[in-house]
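Before any comments, here is the structure.
The values are calculated or read from the model by the stated rules, or taken from the named source; none is laboratory data. What you see is a predicted model, and the numbers here were worked out from it, not measured in a lab. In this analysis, Cβ positions are derived from the backbone assuming ideal geometry, glycine residues included, and neighbour counts consider all displayed protein chains.
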Amino acid sequence: MTVVSAPIRSLGMEFSGIIVLASRLYDLEGESPGELQRFILEGTLAHEVAHQWFHTIVGNDQLTEPWIDESLAQYAYWLYYLDRYGDARQAFQEFEDTWKRIKRGRIPIGRPVWSFSRREFGPVIYGRAPLFLYALSGRMGQERFDLLLSELVRRYEWQLIEGEVIKAVAEELCPCRLDDLWEEWVIPEH
């Protein structure tokens, strides 16, 4: 895995075997990084590393269902903080704060990129979508949800998946019906 710095607009960008982090995360103009700066850098790196699984190994159509790889990468970054520090409240709070930028609007996460306004995309995909996975893990139980993540990689390595695949595998492992959760969080109204 190669990590490089570049003057990009986003905080990070994933490619197969390569992670690009925004130069501004490093360029502190001679100042020591503060706690927030370290949190952003570490969180961005964890998110982009997670994309090596959920974007590279298990892919999805990022235009029609951007929530899949982004929410899984965000959730993995939350798990990273939980594992490394025993506390992931700051990462979870970031999801909440991101979603609050649109007043916690109940905008479905399962919409294509072009259907979001510029103001909605980030809060829904990087805030609400990982909170959906948190709700899903609560419904399934953490052990079964962890199994869901590993099963997605095992079964769909080097393939593209859709949201319905995640639902089907989750219901198989649960075993439970997840229609209500999907309707509340994922499915766009017609």
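Hey, any hits in segment 131-139 for a residue that's in a helix (DSSP H, G or I) and touching a Cys at 6+ places or on another chain (Cβ under 9 Å)?
First, the residues of segment 131-139 that are in a helix (DSSP H, G or I): 131-139.
Those still in the list that are touching a Cys at 6+ places or on another chain (Cβ under 9 Å) too: 139.
For segment 131-139, residues in a helix (DSSP H, G or I) and touching a Cys at 6+ places or on another chain (Cβ under 9 Å): present.
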Index of the failed condition, F116 passing every other in (1) of a type in the set (F, W, Y); (2) closer than 22 Å to D61 by Cα; (3) touching a residue at least 40 places away in the same chain (Cβ under 8 Å): (3)
The one condition in (1) in a loop (DSSP other than H, G, I, E, B); (2) among the charged types (D, E, K, R); (3) more than 26 Å from L181 (Cβ to Cβ) that E48 fails to fulfil: (1)
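Yes/no matrix, rows are residues, columns are (1) among the hydroxyl-bearing types (S, T, Y); (2) within 27 Å of I107 (Cα to Cα); (3) at pLDDT 90 or above; (4) out of contact with any Pro (no Cβ under 8 Å at 6 or more places or on another chain):
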{"site": "A6", "(1), (2), (3), (4)": "no, no, yes, yes"}
{"site": "R9", "(1), (2), (3), (4)": "no, yes, yes, yes"}
{"site": "G12", "(1), (2), (3), (4)": "no, yes, yes, yes"}
{"site": "S16", "(1), (2), (3), (4)": "yes, no, yes, yes"}
{"site": "I19", "(1), (2), (3), (4)": "no, no, yes, yes"}
{"site": "G30", "(1), (2), (3), (4)": "no, no, no, yes"}
{"site": "H51", "(1), (2), (3), (4)": "no, yes, yes, yes"}
{"site": "H55", "(1), (2), (3), (4)": "no, yes, yes, yes"}
{"site": "D61", "(1), (2), (3), (4)": "no, yes, yes, yes"}
Matching entry among L147, L160, L173, L131 (being crowded, with 18+ Cβ neighbours inside 10 Å and either assigned by TED's automatic domain parsing to the domain that holds F39 or modelled with pLDDT of 95 or more (or both)): L131
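Per-residue answers, yes or no, for (1) touching a Gly at 6+ places or on another chain (Cβ under 7 Å); (2) outside any helix (DSSP H, G or I); (3) closer than 15 Å to Y75 by Cβ; (4) aliphatic (A, V, I, L, M):
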site: D146; (1), (2), (3), (4): no, no, yes, no
site: R154; (1), (2), (3), (4): no, no, no, no
site: E164; (1), (2), (3), (4): no, no, no, no
site: A168; (1), (2), (3), (4): no, no, no, yes
site: E172; (1), (2), (3), (4): no, no, no, no
site: P175; (1), (2), (3), (4): no, yes, no, no
site: P188; (1), (2), (3), (4): yes, yes, no, no
Counted residues, segment 94-116 - those being modelled with pLDDT of 95 or more, among the small types (G, A, S) and over 14 Å from the mean Cα position of the chain (by Cα): 1
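For segment 80-93, what are the residues that are buried (at least 20 other Cβ atoms within 10 Å of the Cβ) and under 12 Å from the mean Cα position of the chain (by Cα)? Give the steps one after another, and end with the answer.
Let us first name the residues in segment 80-93 that are buried (at least 20 other Cβ atoms within 10 Å of the Cβ), namely 81, 91.
Passing the criteria: only A91.
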